[in-house]
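J.: Dropping a structure here in structure tokens format, bear with me for questions.
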Amino acid sequence: MQSVVQVRLREAGQTLYFILDKIHLKVDDYVIIEADRGIDYGQVITECEVLSEEKLEEGIKKVLRLAGLSDIKQIEQNKEKAKEAFSSCTKKIEEHKLDMKLVDAEYAFDRTKLIFYFTAKGRVDFRELVKDLAHLFKTRIELRQIGVRDEAKIFGGFGPCGRALCCAKFLKEFEPVTIKMAKEQNLPLNPPKISGLCGRLMCCLSYEYKSYKDLSLGLPQEGAKVTLPEGKGRVLSVNPLKRSVLVELEDGRQITVSYKEKEK
């Protein structure tokens, strides 16, 4: 058995498991970790878990230490330098007349790598841009094309529900979202009403879908004919969250029927 914790690399990187070795951590702590290309930093996003050796990912890295004051200072300095790099890169993109939108820039903890995130409609030949940036910043340069959902995750914001965006707050990976999920949750199939700030279908449609499917077990479908103690009728609407249905009886009366227990 091995103690592990999930860490989001830098501000917008991957979320990965890292091994803990006699280190006590809590959610939101900054940590210094082993990375594929040297030492880097990240932020803890889950409580400590214990996994068996069989469940550990191959090549899983370690948390080296809880970030100290000097580490935090360097992280903050990196962020300031990344802002300057962002401005310089924007100018270089204009000079090269590249059809791309710069979204973010960030340094690796030890400043051996500078990463630029951008969006574009298609492939972009940025080889000359990389050469200019490498000469300007004297470090390894990586340009990483991302999608609109990743862009929303970086910038953050608030959804129509009034809460912080799921992608920026707690979602670890992007799951596929389909219009069928909205339909089966009885949501209006109006794109502006079921789309997030990124313009894609809202992430919550995906992770809430399983709950709706589970709560719908045993409920009659809309339009189904049912027989009740009050008489025969037809289902007008279904509310999985309340596990109830609205039924119109043959005499025109409408009654709400509650299904307390889910049928197995």
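The values are calculated or read from the model by the stated rules, or taken from the named source; none is laboratory data. All values derive from a computational prediction rather than experimental measurement. Positions of Cβ are generated from backbone atoms using ideal geometry, with glycine treated the same way; all protein chains shown enter the neighbour counts. Accessible surface is based on the protein model in full, side chains and every heavy atom, while ligands, DNA and RNA are left aside. Shrake-Rupley method; radii C 1.70, N 1.55, O 1.52, S 1.80 Å.
J.: When all alpha-carbon pairs of region 125-193 are counted, what percent fall beyond 14 Å?
T.: Working: 1719 of 2346 pairs.
Tail fraction, whole percent: 73.
J.: Would you kindly work out the equivalent ellipsoid of the chain from its C-alpha gyration tensor and give its semi-axes, the square roots of five times the eigenvalues, largest first in whole Å?
T.: Numbers: eigenvalues 466, 132, 37 Å².
That gives 48, 26, 14 Å for the three semi-axes.
J.: Compute the long axis of helix 69-96 from its Cα atoms, compare it with the longest principal axis of the Cα atoms of the chain, and write down the angle in degrees, 0 to 90, nearest 10.
T.: Helix 69-96 and the main axis of the chain meet at about 90 degrees.
J.: Could you point to the residue in Gly42, Gln14, Ile146 farthest towards the positive end of the chain's charge dipole, with +1 and -1 charges on the Cβ of Lys/Arg and Asp/Glu respectively?
T.: Farthest along the dipole direction, towards plus: Ile146.
J.: Measure nothing but the geometry: give the 0 to 90° angle between the long axis through the Cα atoms of 127-137 and the longest principal axis through the Cα atoms of the chain, rounded to 10°.
T.: Its long axis makes an angle of about 60 degrees.
J.: Could you pull out every one of the lysines with an alpha carbon less than 27 Å from that of Lys193, ignoring same-chain neighbours closer than 8 positions?
T.: Hits, sequence-local ones excluded: Lys101, Lys121, Lys153, Lys169, Lys172, Lys180, Lys183, Lys210, Lys213, Lys242.
J.: At 1.4 Å probe size, put Glu151, Glu175 in order of accessible surface, largest to smallest.
T.: Numbers: Glu151 30, Glu175 105 Å².
So, going from the largest accessible area down, we get Glu175, Glu151.
J.: OK, next. If eta is 1.306 mPa s and T is 10 °C, what Stokes-Einstein diffusion coefficient results for region 1-42, Kirkwood Rh from Cα pairs, in µm²/s? Each step should come with its number before you reach the end.
T.: Working: Rh = 10.8 Å.
D, rounded to a whole number, is 147 µm²/s.
J.: Here's another thing I want to ask about it. Just in region 1-51: which trypsin sites (Lys or Arg not before Pro) are loop by DSSP and have at most 13 other Cβ atoms within 10 Å? Can you show the working numbers first?
T.: Working: sites: Arg8, Arg10, Lys22, Lys26, Arg37; in loops: Arg10, Lys22, Lys26, Arg37.
Passing sites in region 1-51 are Lys22, Lys26, Arg37.
J.: Can you return the aspartates and glutamates within cross-link range of Lys79? Criterion is Cα-Cα under 15 Å, with same-chain partners fewer than 8 residues away left out.
T.: Within the straight-line cut-off, Lys79 pairs with Glu11, Asp40, Asp71, Asp104, Glu106, Asp110.
J.: Taking the full set of protein chains and a 1.4 angstrom probe, give the accessible area of Glu57 in square angstrom, rounded to the nearest 10.
T.: 100
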